[in-house]
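Step one of this worksheet: look at the structure below.
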Amino acid sequence: MQQLATSEQILANWIVVILYMCIILFFVIRGALKVRTMADYALGNISFSPMAVGLALAASMTSAATFIINPGFIALYGISGVLSFGIVMPLAIFFSLILLTKKFRISGANTKALTMAQWIGKTYQNDGYALFFAFISLLLVTFIVLICVGLTQILSSALNVEPVLVLGSVIIFVFGYMMFGGANSMVYTNAIQATLMLIVALILLASGVDQFEGGLTAFQSRLDDIGPYFASWVNPDSFLFRNLFEIIFCQAVIGFAIVCQPHIITKSLLLKNDKDVNKYLVIGIVVLIIFFQVVIVGLFARIHFPDLAIDGERIPMDGIVSAYVISKFPFYITVILIAGLISAGLSTLEGLIQSLSSTLTTDLINPLFSKYYDPSKRDQQEIMINKVIIVFLAIISFGLSYQQLISPNLSVGIFAQNGVYAYFSAAFVPVLFGMFIKKNPVGLKTVATASIVAIVTHFGVYYGGFFPMMDQQVNNPAIASTMALIVSLLVGLTFHYFSINKRHV
């Protein structure tokens, strides 16, 4: 492990981490005291302000991927990655949020759904379909792994502790407190985390001001010096940004569909008043605009480490931001940045644990085993099962995270994208059709077929190697997901069209 932090930095970072843990535990205990049922855990029983929920949305959508992992891609491949991750995808996400949020909130409130799988099951009036989505929601564990690895990279560098020890500690602490607080504590911790992340984003973006001495031309020249395609809008030497199809078309499709994740689209259900939705969206999107620009820091890090090495030792892609923060800033700034980068990871990790455990408890375990519950103790039994599921998720996450630490395929980001993209590819058609096709209700066969086709297409394209650009050492999950989304949408529309004609015959 490369040691960059001074003894002064290490001491200050330890103090910040311990204080941070104490603040988190305060809000967890406060929230846990109000949790009596799974509904309390999943949606909370406190009246949240639109500002708090908007900040929670921004924090949940921009995790360790945005602040730690994605800038590493930009440090490797340059401006093409900024166009993809910093411009195209955010614009598609904002459009999708505005279009889908109100529709989902109205529908979610009408169905009294606690989870997205439950909403899908109730919308199409089929418990088996909800069970299917509860099962495939396990694909979201890959995103949990990304965040655990990102947090481990930051903390092991900041505290000078072996990564495996940091990984174990992070998982025990975060999964441990998420067994109790749920949404009641998560919204407030997310709001605090988003505020810290906002400060950190501004500091990181300001860190590259000196690179613009001499104007944009001088900055462009510094980027040109790094490599032949580093300052170009496309980078044929990369695995992700080889042409405009990957950079613009695929990322626009992915950005629109990515909102169909349970820890994102269900955030609006935390609002108690429909009038708060617009304010919630404005706050969330304004903060997200700043967060998504943090990927530019990858350019600054590459100029700082032209060879991506320290003392001749190669910096792993997932550790580039950690190395930049520790080596670039004085310790009194580093401690703020470390707290913010921890927040970037925990904000989404909390949302994923809360939504995934709620889904598995409510939509997988309950339908299969509720007949064994004691009716007089059902609420307590559900809460206990939810805690057991969180322990199960912690064990799985540790094993997969350890594997990604010691042997990643370029980056844990590829591993996470493959799983998460497969999930929302399957969810896209049922969510879209369920919200927008009302005149002729969509049949179960239509959406179920579309979901299965999406899963098969995604993994078929990714692992099959038969699609153009998908026979490389590292493949781009965005291509596989784009094909899955397009094919499943066409299948869904075709099935729905023929089902309408059949009804009218």
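A few notes on this one:
- Each peptide in 198-204, 68-74, 319-325 gets a packing score, the mean of other Cβ atoms within 10 Å over its residues, and the list from highest to lowest is 68-74, 319-325, 198-204.
- Long-range HN-HN contacts of I310 with modeled amide H, under 5 Å: I315
- Packing, taken as the mean count of other beta carbons within 10 Å per residue, orders the peptides 275-285, 433-443 from highest to lowest as 275-285, 433-443.
- By the count of other C-beta atoms within 10 Å, a proxy for reagent exposure, E350, E8, E313 are ordered fewest to most as E313, E8, E350.
- P(r) for the chain, from all Cα pairs and a bin width of 10 Å, is 4, 20, 31, 27, 14, 4, 1, 0 %, short bins first.
- Using a cutoff of 8 angstrom between alpha carbon atoms and counting only pairs six or more residues apart, the relative contact order for region 63-181 works out to 21 percent.
- Considering all C-alpha pairs of region 390-469, those separated by over 19 Å amount to 56%.
- With helices as the sole contributors, the chain gives -22500 deg cm²/dmol at 222 nm; each DSSP H run of n ≥ 4 counts as -39500 (n - 2.57), and the sum is divided by every residue.
- Residues S411, S169, sorted so that the one with the fewest Cβ neighbours within 10 Å comes first: S169, S411
- Nearest-0.05 FRET efficiency for L33 and Y463, computed from C-beta distance (R0 51 Å): 0.60
- Ordering H458, H496, H304 by the number of other Cβ atoms within 10 Å of each residue's own Cβ, fewest first, gives H304, H496, H458.
- For the chain, complete DSSP H runs whose alpha carbons reach 24 Å or more along their own long axis and whose mean Kyte-Doolittle score is 1.0 or higher are 7-32, 141-159, 183-206, 331-359, 412-436, 444-464.
- Across K34/K103; K272/K438; K103/K502; K103/K439; K102/K438, pairs whose alpha-carbon gap is larger than 22 Å: K34/K103; K272/K438; K103/K502
- Contact order relative to length of region 437-505, as percent, for alpha carbon pairs under 8 angstrom and 6 or more apart: 42 percent
- Among 375-384, 360-369, the peptide with the highest mean count of other Cβ atoms within 10 Å heads the list, and the full ranking is 360-369, 375-384.
- Placing +1 on the Cβ of every Lys and Arg and -1 on the Cβ of every Asp and Glu, with no other charges, gives the chain a dipole of roughly 2220 debye about its Cα centre.
- Close amide H contacts of N475 (hydrogens built in the peptide plane, cut-off under 5 Å, sequence separation of 5 or more or a different chain): none are found.
Coordinate-derived values only; no laboratory data. The model shown is predicted, which means the values in this text are computed figures rather than measured ones. Here the Cβ is made from the backbone with ideal geometry for all residues, glycine too, and neighbour counts use every protein chain on show.
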